[in-house]
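For reference, the structure is listed below as structure tokens.
The values are calculated or read from the model by the stated rules, or taken from the named source; none is laboratory data. Being a predicted model, the structure only gives us computed values, none of them experimental. Quick reminder, even Gly has a Cβ in these numbers, built from the backbone with ideal geometry, and neighbours come from all protein chains shown. We work out accessible area using only protein heavy atoms, side chains counted, and drop any ligands, DNA or RNA first. Shrake-Rupley method; radii C 1.70, N 1.55, O 1.52, S 1.80 Å.
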Amino acid sequence: MRRISNLLSKSKQLAAFASLETKLRANALRSYCDQSHLRRQNRPGPLVQYRSLVDQGKLRHDPFQESVASELENLLARLEQYEKDMEEYHVNLANWEKQRENERRRLLMEEVELHQKDEYWWKRLNNKLTERWESRKRPKNMESGVGKWVSYLKREKKLDSLVGHRPTAPPAPKGLYIYGNVGSGKTMLMDMFYSATKGIVKHRRRYHFHEAMLRINEQMHKIWKNQIEEKPLQSTIAGWIMSLPFDTKAKEWLAAEERYKQEVQMKNILPAVADMFFLDGEENEKGASILCFDEIQTVDVFAIVALSGILSRLLSSGTIIVATSNRAPKDLNEAGMQKEIFQKLVSKLEEHCEKVLIGSEIDYRRFIAQKSENQSQKHIIRRKVTN
């Protein structure tokens with residue numbers, strides 16, 4: 001735990017140190033695709049935006065950039081239908097979750113009624129479990145609460161037979177992993193795509209790597225804090241349990257089963273953090289999700305573990321990712337840290353994203369800066385001539 005805490009602290013310090021520099025560096029390119037006159041009700045796609053800026057002389061034509069803009073345009077065209085498919089999926093998922101929860105509570109009620117009627121039921125159940133496990137060679141590292149785990153699994157299996165398995169999400173269009181040299185226009189093109197998705201998909205987020213790491217840190221600390229806080233028994237028992245016509249002992253058993261279910265669900269903290277990436281005031285909105293992730297990198301062990309867990313969760317749940325990086329996925333981990341976990345991350349990215357190399361050798365950040373400097377010098381010369 002101390003090691004994880006140190007990694008979190010180190011990652012947070014690095015993110016805070018680099019965030020200002022990153023924002024300043026990105027602003028020059030981003031300003032070119034953030035033109036107010038391009039923003040209207042039917043927002044132009046990235047290819048239209050790019051060609052418009054080239055025609056205006058604000059960008060130099062680059063065939064590599066135009067090719068990437070075309071790929072992003074094709075992805076944008078597939079989003080409208082995917083949004084409709086995901087809306088329908090979320091309706092089905094909400095109905096399934098409601099039905100499953102109702103059935104789960106019904107099963108719990110049947111169990112607690114049996115317990116209420118037969119005072120020796122719980123003792124006999126414990127004896128059966130004890131005899132069953134004593135008859136086997138019990139491992140030394142066997143965790144406590146195995147009885148609850150067996151009960152939980154049996155209940156989940158029964159729910160699968162009663163309600164059916166979780167609805168399958170519609171296949172998501174493949175995202176894009178754009179990589180190439182520094183200053184080649186990756187962020188600019190991604191931002192053009194992001195601006196064009198407004199009004200098409202309900203859930204859309206854009207993060208720079210350091211910004212995402214800060215958010216992950218904050219959410220992880222928040223979840224851990226909530227888990228550590230101890231509350232009185234009465235405050236942890238759900239309202240539906242308190243209103244049941246059972247004695248206190250039966251209610252305590254039900255409450256313990258509820259808490260165990262939550263502990264099982266929260267055992268892996270990273271999926272819980274991933275689920276919070278799109279929950280800023282849009283909890284009631286159902287539809288597709290787009291994550292634009294700028295400058296993916298693996299600076300330390302925490303970054304590899306966090307990105308692997310969170311991106312895997314998002315991709316598996318149908319989120320479309322458009323990412324940029326200076327390196328191809330397989331080259332992100334030059335230090336060779338956590339190879340097994342890193343390989344899972346690479347496999348997930350390659351499964352759900354098309355790799356697109358932007359092969360320009362020009363650093364357009366320097367080009368823009370030089371152009372701005374030349375314009376300033378011309379302005380100074382004109383003023384001197386006028387005077």
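Checked against (1) of a type in the set (Lys, Arg); (2) farther than 17 Å from His208 by Cα; (3) open to solvent by 80 Å² or more (accessible area, probe 1.4 Å), Arg327 meets all criteria but (2). With the requirement that a residue be open to solvent by less than 30 Å² (accessible area, probe 1.4 Å) and of a type outside the set (D, E, K, R), what does region 171-187 give you? Of everything in region 171-187, those that are open to solvent by less than 30 Å² (accessible area, probe 1.4 Å) and of a type outside the set (D, E, K, R) turn out to be Pro173, Gly175, Leu176, Tyr177, Ile178, Gly180, Gly183, Ser184, Gly185, Thr187. Return yes or no: is Leu75 closer than 30 Å to Ser161 by Cα and either at pLDDT 60 or above or open to solvent by 80 Å² or more (accessible area, probe 1.4 Å) (or both)? Criteria not met by Leu75. Selection of region 42-56 for residues being at pLDDT 90 or above, of a type outside the set (Asp, Glu) and either under 27 Å from the mean Cα position of the chain (by Cα) or part of a helix (DSSP H, G or I) (or both) yields Gly45, Pro46, Leu47, Val48, Gln49, Tyr50, Arg51, Ser52, Leu53, Val54. Identification of helices (runs of 4 or more DSSP H) wholly contained in region 219-299 with 2 or more residues that are modelled with pLDDT of 70 or more, closer than 22 Å to Lys202 by Cα and not charged (D, E, K, R) yields 269-275. Scanning region 149-167 for residues that are touching a residue at least 12 places away in the same chain (Cβ under 8 Å) and either loosely packed, with under 12 Cβ neighbours inside 10 Å or not in a helix (DSSP H, G or I) (or both) gives Gly164, Arg166, Pro167. The number of residues in region 86-109 that are basic (Lys, Arg), over 25 Å from the mean Cα position of the chain (by Cα) and loosely packed, with under 15 Cβ neighbours inside 10 Å comes to 1.
Taking the conditions (1) modelled with pLDDT under 90; (2) in a helix (DSSP H, G or I); (3) over 24 Å from Lys202 (Cα atoms) in turn, Leu59 satisfies each one other than (2).
Among the residues that make up region 205-216, is at least one of them within 21 Å of Arg43 (Cβ to Cβ) and either open to solvent by 20 Å² or more (accessible area, probe 1.4 Å) or without any contact (Cβ under 8 Å) to a residue 24 or more places away in the chain (or both)? There is at least one residue in region 205-216 that is within 21 Å of Arg43 (Cβ to Cβ) and either open to solvent by 20 Å² or more (accessible area, probe 1.4 Å) or without any contact (Cβ under 8 Å) to a residue 24 or more places away in the chain (or both).
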